[in-house]
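The values are calculated or read from the model by the stated rules, or taken from the named source; none is laboratory data. Bear in mind the structure is a predicted one, so any value in this text is a computation, not a measurement. All Cβ positions, even for glycine, are placed from backbone atoms using ideal geometry, and neighbour counts span all protein chains on display. To get the accessible areas, we keep the full protein, side chains included, count just its heavy atoms, and leave off ligands, DNA and RNA. Shrake-Rupley method; radii C 1.70, N 1.55, O 1.52, S 1.80 Å.
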Amino acid sequence: MKFLITAGPTREPLDPVRYLTNRSSGRMGYALAGAARHEGHEVLLISGPTTLDVPPGVDFIQVETAQQMYDAVHDLIKGVDVAILCAAVADYRPVACAEQKIKKSADKLVLELERTPDILGSMRTVFGFDGKLIGFAAETNDVIAYGRDKLVRKQCDMIVANDVSKPGIGFDSRENEVILIFPDKEVHLEQDTKERIAMQIIEHATVIEA
Ligand code: C5P
């Protein structure tokens, strides 16, 4: 099967030397790419900036902004069987990127932000993707209810939900503990390394009914 996986944070520039980003390390997405490749699948990893090594045998595209990630997914989704959108895409970006470094002057600086394009939300509706679609949901409360809502709204086959309020798992950490949310059931994966969690997610992803 052909997998497309997004990973890492995005960077939204403010001026030539500054950007808005988040604490995603990219580890979960890279582990998913490695696990899918290990199982013999063709894998395209589209990633924001990380310090990680690309798993061997994985096709790789590096992007920086949410818009670039959106464009890359749009351009490369054709022929993909399973899409796993794991990237921590910035929800907002500066309305304008200053051409020159913003100088300090006033005591307060107000930034105007606008929404970035929703890649997961565009998969079915804009890109016409009809393969298996897996999204991630990082929540601090009511994890299953919010995850299930996202499953329906974004027309996913599986949502990987994690509780980012728990210390030691999730963002910027080596371990994770997640709940896989399907239309008809939930599967709890106990705390483990992101590599072992990734293997289990890939196993579940490959047996989803087309
Ligand atoms: O709605 P929320 O941002 O919590 O959804 C998270 C899921 O949506 C993740 O799978 C993430 O990769 C994806 N996403 C996206 N494009 C965005 C924001 C989130 O694909 N602009």
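Counting 0.36 nm for each residue step from residue 175 to residue 106 and taking away their Cα separation leaves a gain of 20.6 nm.
Rounded if a/c is under 1.5, else prolate if a/b beats b/c, else oblate: with a ≥ b ≥ c from the C-alpha gyration tensor eigenvalues square-rooted, which is region 125-197? The shape class here is prolate.
Residues of region 1-121: accessible area per residue at 1.4 Å, in Å²?
Here the residues of region 1-121 average 55 Å² of exposed surface.
Evaluated with a Cβ-only charge set (Lys, Arg +1; Asp, Glu -1), the chain carries a dipole of roughly 540 debye about its Cα centre, given to the nearest 20.
What FRET efficiency, computed as 1/(1 + (r/R0)^6) with R0 = 25 Å and r the Cβ-Cβ distance, is obtained for residue 190 and residue 2, rounded to the nearest 0.05?
0.25
Nonpolar atom fraction for the chain, defined as the carbon and sulfur part of the 1.4 Å probe accessible area, stands at 48 percent. Computed over the chain, relative contact order equals 21 percent, with contacts defined as Cα pairs under 8 Å that lie 6+ residues apart. Pairs of Lys residues in the chain are counted when their Cα atoms are under 16 angstrom apart and they lie 8 or more places apart or on different chains; the count is 7. Once the chain from residue 95 to residue 76 is taken as fully extended at 0.36 nm per residue, the excess over their C-alpha distance is 4.2 nm.
Would you kindly state the longest site-free stretch of the chain, with sites defined as trypsin sites (Lys or Arg not before Pro) in a DSSP loop (not H, G, I, E, B) surrounded by at most 15 other Cβ atoms within 10 Å?
Numbers: sites that count: 23, 78, 101, 103, 104, 108, 124, 174, 185.
Looking at the chain, 24-77 is the longest stretch - no exposed trypsin sites (Lys or Arg not before Pro) with at most 15 other Cβ atoms within 10 Å.
Both the radius of gyration and Dmax for the chain are 17.3, 59 Å, in that order, over alpha-carbon atoms. Within the chain, the longest segment free of exposed loop sites, counting GluC sites (Glu not before Pro) that fall outside DSSP classes H, G, I, E and B and have at most 15 other Cβ atoms within 10 Å, spans 113-208.
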